[in-house]
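Some notes on the structure that comes next.
Coordinate-derived values only; no laboratory data. None of these values were measured; they are calculated from a predicted model. Glycine gets a Cβ as well: all are built from the backbone with ideal geometry, and neighbour counts include every protein chain shown.
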Amino acid sequence: MIAKRISQITPSVTLEITAKAKELKKQGVDVVNFASGEPDFGTPDFINEAAIKAIREGFTKYTPATGTPQLKEAVCEKLKKENGLDYAPDQIVVSCGAKHSLYNLFQTICQEGDEILLPSPYWLSYPEMIKLAGAKPVVVKTDMQNFTLELGALKKAITKKTKALILNSPSNPTGAVYSVELLKKISELSLEKKLLIVSDEIYEHLIYDGQKHVSIASLGKDIYDLVFVVNGVSKSHAMTGWRIGYMAGRRDVIKGVSSLQSHSTSNPSSISQAAALAALKEGSACIRVMAAEFEKRRNAMIEELKKIKALKAIKPGGAFYCFVDISRTGMKSVDFTKKMLTQIHVAAIPGKPFGEDDYVRLSFAVNIPEIKKGIQRIKDWLS
Ligand code: PMP
Ligand code: GLU
């Protein structure tokens, strides 16, 4: 009854556990939610106002399927100003979240049997999206000291069938940030082997210790042609529910993505597009405030985690996740997170669907008192 391509995928564990934690909280249970993959801040008011204005002005009809000209123009300006990238509006597609952009992209570039290189630990939706596009995810384990790719391992994984490589810096679930030097080496290898690069830059603004995000597409004209930049406003502007993401890249693929989107979702919500336009045009101050707060929270979480002997955590350079080694507890990740939620009401995501069963992902998209409370609970529980 159910098609094979659907029966071979698993539902999103991140969304499932986050919904469960929110539900428990609603029922009055004192849950500390380290599962959440979204900023806990409200969407800034000026963005909400832009959406309300759009509704009042009747901006409630279909827009062009790939997004309004104004929003695509604003995306081009953003990519130029912040990333040093030159794109024209016909190289942009705005979709219903970066997840949708990625889905569309894999549907468009993958042929049956293509291999897509997936650095592990990976965000759990990538392998499922690749499979849905008929291709094969080929996992390349990163250097587990800093969770970035090793060139040797990457080279070894490339075959005649390799079509593309996924890069996600800063990374979900590890928070790893790729250095410019490493990006240059990856870019040289990709040019030599003619690999496409899917560069998911959704966490670009959540980057700490004075580092600056560099898009691999900005490293030269040749590599620019091979890269698809995926980004959105969900994480940068606390707009996860609005569902606006976008991609930029070469015109032939963008044309294919546009065609696919025109027959599937059509345009993303007109109202959300008006909100995203305000976010991109006037949002840089609010981004800085939220990123500074996330950095404080990261420091607090790492400090607290250090006090737990059974756990090992590397300080993440970006995003809002600590990917914590639990191997010394003797538990595997699903068991660990299940017990932790039922016994001490602390929610987290098991590492298993991210490709690492000896790890769990703790999100610091919660305030510092909650971080302290949650980690103290884990400390008492494990001792
Ligand atoms: N990429 C990564 C690595 C993510 O963590 C997320 C979070 N959901 C997304 C893409 C998609 O974000 P959204 O669809 O909300 O724009
Ligand atoms: N990306 C976030 C996470 O990893 C949100 C949930 C999802 O889209 O998977 O938790």
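Some points to look at:
- Working ranking of peptides 3-13, 160-170 by packing, defined as the average number of other Cβ atoms within 10 Å per residue, highest first, is 160-170, 3-13.
- Checking the Cα-Cα distances for Lys212/Lys372; Lys80/Lys235; Lys184/Lys221; Lys136/Lys339 against a 22 Å cut-off, the pairs over it are Lys212/Lys372; Lys136/Lys339.
- The loop-placed chymotrypsin sites (Phe, Trp or Tyr not before Pro) in the stretch 41-90, going by DSSP, that have at most 16 neighbouring Cβ atoms within 10 Å of their Cβ come out as Phe41, Phe59, Tyr62.
- Given charges at beta-carbon only (K, R positive; D, E negative), |dipole| of the stretch 29-75 in Debye: 380 debye
- Qualifying GluC sites (Glu not before Pro) in the stretch 4-63, where qualification requires a DSSP coil assignment and no more than 13 other C-beta atoms within 10 Å, comprise Glu57.
- For the stretch 272-383, taking the reciprocal of the average inverse distance between every pair of different Cα atoms yields a Kirkwood hydrodynamic radius of 15.2 Å.
- Built amide H within the under 5 Å cut-off of Leu124, gap 5+: none
- Computed from the Cα positions only, the extents of the chain along the three principal axes stand at 57, 55, 52 Å, in decreasing order.
- Convex hull volume per residue in cubic angstrom - Cα atoms of the stretch 62-128: 131 Å³
- From phi via Karplus (6.51, -1.76, 1.60), per-residue ³J(HN,Hα) for the stretch 298-306 in Hz, x at Gly/Pro: 4, 4, 5, 5, 5, 4, 5, 5, 4
- In order along the stretch 112-117, the Karplus-derived 3J(HN,Hα) couplings, from 6.51 cos²θ - 1.76 cosθ + 1.60 at θ = phi - 60°, round to 3, x, 4, 10, 10, 7 Hz, and Gly and Pro are given as x.
- Rg/Rg_ref, the stretch 100-173, where Rg_ref = 2.2 N^0.38 Å and atoms are Cα: 1.06
- As a ratio to 2.2 N^0.38 Å, the alpha-carbon radius of gyration computed for the stretch 16-72 takes the value 1.70.
- Stokes-Einstein D (µm²/s) once Rh is taken as the Kirkwood radius of the stretch 115-219 over alpha-carbon pairs, at 20 °C in 1.002 mPa s: 154 µm²/s
- Relative contact order (%) - the stretch 132-199, alpha-carbon pairs under 8 angstrom, separation at least six: 31 percent
- Relative contact order (%) - criterion: Cα under 8 Å, at least six apart; region: the chain: 24 percent
- ³J(HN,Hα) computed for each position of the stretch 41-54 - Karplus, 6.51 cos²θ - 1.76 cosθ + 1.60, integer Hz, glycine/proline x: 5, x, 5, x, 4, 5, 6, 4, 4, 4, 5, 4, 4, 4
- Sum of -39500 (n - 2.57) over DSSP H runs of 4+, divided by residues of the chain (222 nm, nearest 500): -13500 deg cm²/dmol
- Most mobile of Gly210, Gly37, Gly351 in a GNM of the chain (Cα contacts under 10 Å): Gly210
- Tail fraction, Cα-Cα pairs, the stretch 1-116, threshold 25 Å, whole percent: 52 percent
- log₁₀ of I(q)/I(0) at q = 0.21 Å⁻¹ - the stretch 264-321, Debye sum with one point per alpha carbon: -0.83
- Between Thr329 and Met144, the simple label model (points 7 Å from Cα in the Cβ direction) yields a spacing of 1.7 nm.
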